[in-house]
Amino acid sequence: MNIHEYQSKAILKSYGVNVPNGMPAFSVDEAVENAEKLSTPVVVVKAQIHAGGRGKAGGVKIAKNLEEVRQYATEILGKTLVTKQTGPEGKKVNRLLIEEGSNIKKEYYLSFVIDRQTARVVMMGSEEGGMEIEKVAAEMPDKIFKEYIDPAVGLMPFQASRMAYAMHFPQPAVRKVTKLMGCLYNAFVGKDCSLAEINPLVVTADDDVIALDAKLNFDDSALFRHPDVEALRDESEEDAKERRAAEAGLNYVNLGGDVACMVNGAGLAMATVDIIKYYGGEPANFLDVGGDSTPEKIAEAFSIMLDGGQAKGIFVNIFGGINKCDLVAEGIVEAAKIISQDGKSLPVPVVVRLEGTNVERGREILKNTPIENVIMAPTMEGGAEEIVRLVKEAEA
Ligand code: GDP
Ligand code: MN
């Protein structure tokens, strides 16, 4: 789960991380009021969306007086920001962060993530702050430093010092930055984060160390123990289909293409996405319906895939283990009933590959309830090839 920058900063502040004073604003008037309360010579007006790259897209503005705050707030609020991370459709700005300006001497990068290889939290730092870390990694990999953290002892002081010197912090800032690293690590662990990123972390003209931007991502599987974090969810920032699927207990990720697929098991779902690509199609989604699927769950999965008209075809790829093929077949029949009045048609072609437990009964059900547009495929390869062909045909 993602939250907004101002929410991340509030959490980090509670762990002792130095962040600028600031307040969220939901209207232009509130933005000006907040700026007045800050009463600092420079105020930063920042778009709050669940995506980075706002600076370059005009979502971060520095105002020198209240008129400028009003002007920038009016410009940014309600605007759709297109940044490198939003995709071409952009994200609408509904909230701002009104923050005191900082006198930046230099920008740095600091983050904590989980390293899969070592199964440890790793701290990453670079003196190339402000720019995208992916770009630094590609162009100047020797400018990124890493410290792998032993979970039994946490971030050790010598690791923080080694990082601070590697990142070339000026001497008067070193103690402040090593302290900040410790606080950020505590926040990462304390809130079950999957990412805690400060870009930029800045040293000011007075050698103060401030987290100027903050991004926290949380491990969804641990959210049950953080109701305070769960309460920060901004549904307007989330994919509507992904949310609906989560409510139905389905594992769904929107991939943007037009060949939808419904699969059981994450591995087979990945393989299905791959094979659709292999035959020249663009997968609309990753969808793992899980084991023990009921007909109702399958019908809901169909309804989600067909919602919004993005899918031009559906590939059902089920290898029945714990799942029973007859229940999946019943789900398809159920979906047809919900979606069309007569229960005999579906709006897009559906190719079904069923294998495994109760497969004969499953095939029987689909044969006895003939639904227009449902085609049985003998193999996974054949099925993938067929659905890609049908979708291309529908587009032509
Ligand atoms: P992002 O582009 O979405 O990552 O947004 P950031 O919060 O990182 O802001 C982008 C850039 O705006 C930063 O790298 C800074 O250079 C600049 N910026 C943000 N806050 C301030 C500030 O208080 N003072 C000054 N001078 N620049 C700022
Ligand atoms: Mn940033």
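FYI, it's all coordinate maths here, none of it is from the lab. Here the structure is a predicted model, which is why all the values come from computation and not from measurement. Heads up, the Cβs are rebuilt from the backbone with ideal geometry, glycines too, and the neighbour counts pull from every protein chain shown.
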Requested in this report: For Lys191, list the lysines whose Cα falls under 21 Å from its own Cα; do not include residues on the same chain fewer than 8 positions away.
Outcome: Lys9, Lys13, Lys179, Lys215
Report task. Determine the calculated [θ] at 222 nm for the chain from helices alone, applying -39500 (n - 2.57) to every DSSP H run no shorter than 4 residues and normalising by the residue count; nearest 500 deg cm²/dmol. Result -> -11000 deg cm²/dmol
Requested in this report: Compare Gln48, Gln117, Gln310 in a GNM of the chain, Cα atoms joined below 10 Å, and give the one with the largest fluctuation.
Outcome: Gln117
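Which of Ile144, Ile62, Ile318 comes first, and how do the rest follow, when ranked by fewest Cβ neighbours within 10 Å? Please report the intermediate quantities before stating the final value.
On the way: Ile144 18, Ile62 13, Ile318 28.
With the sparsest Cβ surroundings first, the list reads Ile62, Ile144, Ile318.
Most exposed first by the Cβ proxy, i.e. fewest other Cβ within 10 Å, how do Leu66, Leu354, Leu327 rank?
Leu66, Leu327, Leu354
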Query raised in the report: For the Cα atoms of the chain, what angle does the longest principal axis make with the long axis of helix 174-190, in degrees from 0 to 90, nearest 10?
Result: 30
**Report entry** Sorted largest first, extent of the stretch 21-101 alpha carbons per principal axis (Å)
**Finding:** 37, 19, 18
Requested in this report: Please turn the phi angles of the stretch 303-309 into ³J(HN,Hα) values with the Karplus equation 6.51 cos²θ - 1.76 cosθ + 1.60 (θ = phi - 60°), one per residue in order, whole Hz, x for glycine and proline.
Outcome: 4, 5, 4, 8, 4, x, x
Query raised in the report: For the stretch 245-255, what does the Karplus curve 6.51 cos²θ - 1.76 cosθ + 1.60, with θ = phi - 60°, yield as ³J(HN,Hα) per residue in whole Hz, taken in order and with x for Gly and Pro?
Result: 5, 4, 5, 8, x, 9, 9, 10, 10, 6, 10
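Determine the dipole magnitude for the chain: charges of +1 sit on the beta-carbon of Lys and Arg, -1 on that of Asp and Glu, nothing else is charged, the reference point is the Cα centre, and the result goes in debye to the nearest 20.
On the way: 44 positive and 59 negative charges, 157 e Å.
I would put it at about 760 debye.
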Report summary line: Here the equivalent ellipsoid of the stretch 240-395, derived from its Cα gyration tensor, has semi-axes (largest first, whole Å) of 19, 17, 16
**Report entry** Dipole-positive endmost among Ile275, Thr83, Leu180 within the chain (Cβ charges, Cα centre)
**Finding:** Leu180
Query raised in the report: By how many degrees, 0 to 90 and rounded to 10, does the Cα axis of helix 359-368 deviate from the longest principal axis of the chain?
Result: 70
Query raised in the report: Among Ile298, Ile387, Ile3, which comes first, second and so on when ranked by fewest other beta-carbon atoms within 10 Å?
Result: Ile3, Ile298, Ile387
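Tell me, what does the Kirkwood hydrodynamic radius of the chain come to in angstroms if you use every pair of distinct C-alpha atoms?
Working: mean 1/r = 0.0420 Å⁻¹.
Value: 23.8 Å, from the Cα pair sum.
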Requested in this report: Report, in whole Å, the centroid distance computed from the Cα atoms of the stretch 317-396 and the stretch 1-54.
Outcome: 50
